[in-house]
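Notes for the one structure printed next.
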Amino acid sequence: MPGRTLEVAARPGAYATIGDALADAGDDALITVAEGTYHEVFDLAGRRVTLVAADGAAVVVDGGGADRPVFAVHGGSLALRGIEVRAGDAGAISADDVALTVRQCVFTGGRGPALRIRGTAGFEVTGCAVTGGEQGIVVEGGSGTLADTTVEDVTGDGVIIAMGADPVIRNCAVTGCGLRGLYVYQYARPVVERCEITRTGQEGIAVAHHGAPELSGCTVRDARGAGIAFAADCGGRVSGCRVENTAGIAVAPGAATTVVAASDPAAPGGLGSQELDDLLAELDAMVGLPGVKAEVRALVDELQVNEWRRRAGLPVGPTGHHLVFAGAPGTGKTTVARIYGKLLKALGVLPRGQFREVSRRDLVGQYIGHTAEKTAVVVEESLGGVLFIDEAYMLSRSASAGGDFGQEAIDMLVKLMEDRRDDVAVIVAGYTAEMAEFLSANPGLASRFGKTIEFADYTPGELLGIVGRLVSAGDYELDPTAHPVLIDFFTRAAGERNFGNARDARRLFEGMRKAQSQRLRRLGRIPDVGELRELLAGDVVAAAAR
């Protein structure tokens, strides 16, 4: 049950200091703080409180001159949002076994770590900045998330992960450290994705004492030591990382570390990325789909600019890669989904970009609990790429007789799409009306998808173009007199209930080949090369009649 809401402000009826409000606040209290500088430090034990800056307020908590952390917290939970914390002769936050949530905060100065997080309670630090001081962020034990955060101009190490900690560190920038940018040791196993580490006095990333990080899509630049260094007793994996203007990647003999090099020095996501250009050209080469191509290019543009902003130390809003592809069968949804996964890999957003297509039977089990397990396994196996769920509406209760188990799959997907939103792109596909109904199957389902892309039916002229490509790919030649016959066929087929768009075009092409084979067999002789290649209007008529 939510606790009280208290206000700190310079007005009658409000609390004059944050300490006064904390003294009166019970568990789960929300304390809103008005604009101003508050010269206070806090020692909280077993409390559950949230402190937030009032809307648009510049709130500074200044512990200058104090010989202890501004927030010394033991047990319970603490949430801070939109607050600047200035440390004195100690750090800004020292949290022991605290469920810590820190968002859009700034930490400056201090001795020792600006943020020290110890224990197994779990944490989230998102959209923050650490500037100055001796060390940036230290995590000792436990799990959590450090995302979209910058650490700069510290005299020691930027980020330290130790004592078996296994947090996810994502889209962070560490720059201007006197020692190492990221130091992983004492059996720590962080997952570090798309981070940039620059201008360090020693190694950009150093791993020691049985550390085993998973590093993917990271950039290390201008380090005075090695870009990435693993000691002899370490493990982990380095995938798609770039090391520039430094000594490279050093793996000591005896280290069980796997290194998979980045593809192109300009990639991922650089202006000169040939892979990205080739994939966009492949998309453009598809017949029709002007609206789809524009939507995908807009997504690519947004991801590219977000990467440039992150590298420049500018804030980047949360982005989701999950999409809804709505439209009839045969409109290119699967092909576009494959290209989209490769684009995400080329941009450095996903490390693998692989494609996995599943349907209801791959997700739904035969008894309660089995479905959640199957769905979780499928998502886990798809991490790093695209999970494409065709005819996803078949999971909803209204679309299937076995709908309760399907609903279990939907509920698990909702959870996993949020928990692993930066690790996998989930694309659900199906008819437009049915997909709208599917999205209402769980209150949180629609919000998990960043965009719905509509795939319109192909026009008869576009389907003629698809047949033309199939003809050329098979080294056939189509008699021009067959063109109006094909247009007439597709015009009539488009009005039928089960019109298959490109699938019908491919089916018709295969029928044309069979009709040609039967026609040539009746010649009573071996046909010449021209006859073997030629498809006639009569072959179209025969195929359409099947």
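The values are calculated or read from the model by the stated rules, or taken from the named source; none is laboratory data. Bear in mind the structure is a predicted one, so any value in this text is a computation, not a measurement. Positions of Cβ are backbone-derived with ideal geometry, glycine not excepted, and every protein chain shown enters the neighbour counts. For accessibility, only protein heavy atoms count, side chains too; no ligands or nucleic acids. Shrake-Rupley method; radii C 1.70, N 1.55, O 1.52, S 1.80 Å.
Residues in segment 405-435 that are in a helix (DSSP H, G or I) and touching a residue at least 60 places away in the same chain (Cβ under 8 Å) were compared, and the one that is nearest to the chain's Cα centre (by Cα) is Met417. The residue of segment 438-460 that is most open to solvent (accessible area, probe 1.4 Å), among those that are part of a helix (DSSP H, G or I) and either among the acidic types (Asp, Glu) or at pLDDT below 90 (or both), is Ser447.
Which residue pairs have Cβ atoms closer than 8 Å, lie 6 or more positions apart in sequence or on different chains, and pair a first residue in segment 22-40 that is free of Cβ contacts under 8 Å to residues at least 40 places away in the same chain and among the small types (Gly, Ala, Ser) with a second residue that is loosely packed, with under 13 Cβ neighbours inside 10 Å and not in a loop (DSSP other than H, G, I, E, B)? Partner pairs satisfying both residue conditions: Ala29/Thr5. With respect to the conditions (1) out of contact with any helix residue (DSSP H, G or I) (no Cβ under 9 Å at 6 or more places or on another chain); (2) open to solvent by 40 Å² or more (accessible area, probe 1.4 Å), Asp422 lacks only one, and its number is (2).
May I ask you to say which residue of Arg503, Arg497, Arg519, Arg525 is among the charged types (D, E, K, R) and touching a residue at least 24 places away in the same chain (Cβ under 8 Å)?
Exactly one of Arg503, Arg497, Arg519, Arg525 is among the charged types (D, E, K, R) and touching a residue at least 24 places away in the same chain (Cβ under 8 Å), namely Arg503.
In segment 19-51, the residue that is farthest from Ile83 (Cα to Cα) out of those that are part of a helix (DSSP H, G or I) and among the small types (Gly, Ala, Ser) is Ala23. Residues in segment 489-546 that are β-branched (Val, Ile, Thr) and open to solvent by less than 40 Å² (accessible area, probe 1.4 Å): Val540 alone.
With respect to (1) assigned to a helix (DSSP H, G or I); (2) open to solvent by 70 Å² or more (accessible area, probe 1.4 Å), the lone exception for Leu463 is condition (2). Against the condition surrounded by fewer than 24 Cβ atoms within 10 Å (Cβ to Cβ) and under 17 Å from Cys105 (Cα atoms), how does Leu78 come out, does it pass? Taking the combined requirement at face value, the residue satisfies it.
If a residue has to be assigned to a helix (DSSP H, G or I), touching a residue at least 12 places away in the same chain (Cβ under 8 Å) and more than 21 Å from Gly500 (Cα to Cα) to count, how many in segment 471-489 make the cut? Within segment 471-489, residues that are assigned to a helix (DSSP H, G or I), touching a residue at least 12 places away in the same chain (Cβ under 8 Å) and more than 21 Å from Gly500 (Cα to Cα) number 1.
Determine whether Val102 is among the hydrophobic types (A, V, I, L, M, F, W, C), open to solvent by less than 20 Å² (accessible area, probe 1.4 Å) and either more than 16 Å from Arg47 (Cβ to Cβ) or free of Cβ contacts under 8 Å to residues at least 24 places away in the same chain (or both).
No: the conditions fail for Val102.
Can you pull out the residues in segment 278-314 that are at negative phi, surrounded by 13 or more Cβ atoms within 10 Å (Cβ to Cβ) and not in a helix (DSSP H, G or I)? Within segment 278-314, Met286, Val287 meet the criteria. Across segment 151-192, the number of residues qualifying as assigned to a strand (DSSP E or B) and among the polar types (S, T, N, Q) comes to 1.
Tell me whether segment 330-337 contains one or more residues that are open to solvent by 20 Å² or more (accessible area, probe 1.4 Å) and hydroxyl-bearing (Ser, Thr, Tyr). Looking through segment 330-337, at least one residue is open to solvent by 20 Å² or more (accessible area, probe 1.4 Å) and hydroxyl-bearing (Ser, Thr, Tyr).
If we scan segment 359-368, do we find a residue that is at pLDDT below 80, among the hydroxyl-bearing types (Ser, Thr, Tyr) and either open to solvent by less than 10 Å² (accessible area, probe 1.4 Å) or under 25 Å from Gly348 (Cβ atoms) (or both)?
The answer is no; no qualifying residue exists.
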